[in-house]
Amino acid sequence: MDEKYKSEDEIIALVNSFEDASIARGVWKHGEHLVVALYYVSKYDLETAIARTRAAAQEAMRAAAAVPG
């Protein structure tokens, strides 16, 4: 079992890389999506958590489209 995100600092680093669209495509997997979602719902109301997820996902898709490969 891969033991990632054992500290809040690791989780915040993941969230930050998701929000600024710097997370590598190969790193962003289902588990990372769940970690970010859980972080958001632990910090914000559900509506805000969904809005933040949507905005960051859209930014990540724009950034990915701008990078060849």
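The values are calculated or read from the model by the stated rules, or taken from the named source; none is laboratory data. In this text the structure is predicted, and so the values were computed from the model without any measurement. Note that each Cβ is placed from the backbone with ideal geometry, even for glycine, and that neighbours are counted across all protein chains shown. Keep in mind that these areas ignore ligands, DNA and RNA; they rest on the heavy atoms of the full protein, side chains included. Shrake-Rupley method; radii C 1.70, N 1.55, O 1.52, S 1.80 Å.
Based only on Cα atoms, what Rg/Rh ratio does the range 15-54 have, Rh being taken as Kirkwood's radius? Write out the running numbers ahead of the final one.
Details: Rg = 10.1 Å, Rh = 10.4 Å.
Rg/Rh: 0.97.
Hey, for a label at Ala55 modelled as a point 7 Å past Cα toward Cβ, could you say which residues of the range 1-44 have their backbone N under 12 Å away?
Residues 19-20 qualify, since their backbone N sits under 12 Å from the label point.
Counting each pair of different Cα atoms once, what's the Kirkwood radius of the chain in Å, rounded to one decimal?
About 12.5 Å for the chain.
When the helix-only estimate is applied to the chain (DSSP H runs of n ≥ 4, each -39,500 (n - 2.57), divided by the residue count), what is the mean residue ellipticity at 222 nm, nearest 500 deg cm²/dmol? Walk me through the numbers before you get to the answer.
Details: 3 runs with 47 residues, N = 69.
Helix contribution divided over all residues of the chain: -22500 deg cm²/dmol.
Charges on Cβ only, +1 for Lys and Arg, -1 for Asp and Glu, centred on the Cα centroid of the chain; of Val41, Ala56, Ile11, which one is farthest towards the dipole's positive end?
Farthest towards the positive pole: Ala56.
Using a probe of 1.4 angstrom, how much of the accessible area of the chain is carbon and sulfur, in percent?
Roughly 58 percent of what the probe reaches on the chain is carbon or sulfur.
So if I place +1 on the C-beta of Lys and Arg and -1 on the C-beta of Asp and Glu, and nothing else carries charge, what would the dipole magnitude of the chain be about its Cα centre? I want it in debye, nearest 20.
I would put it at about 260 debye.
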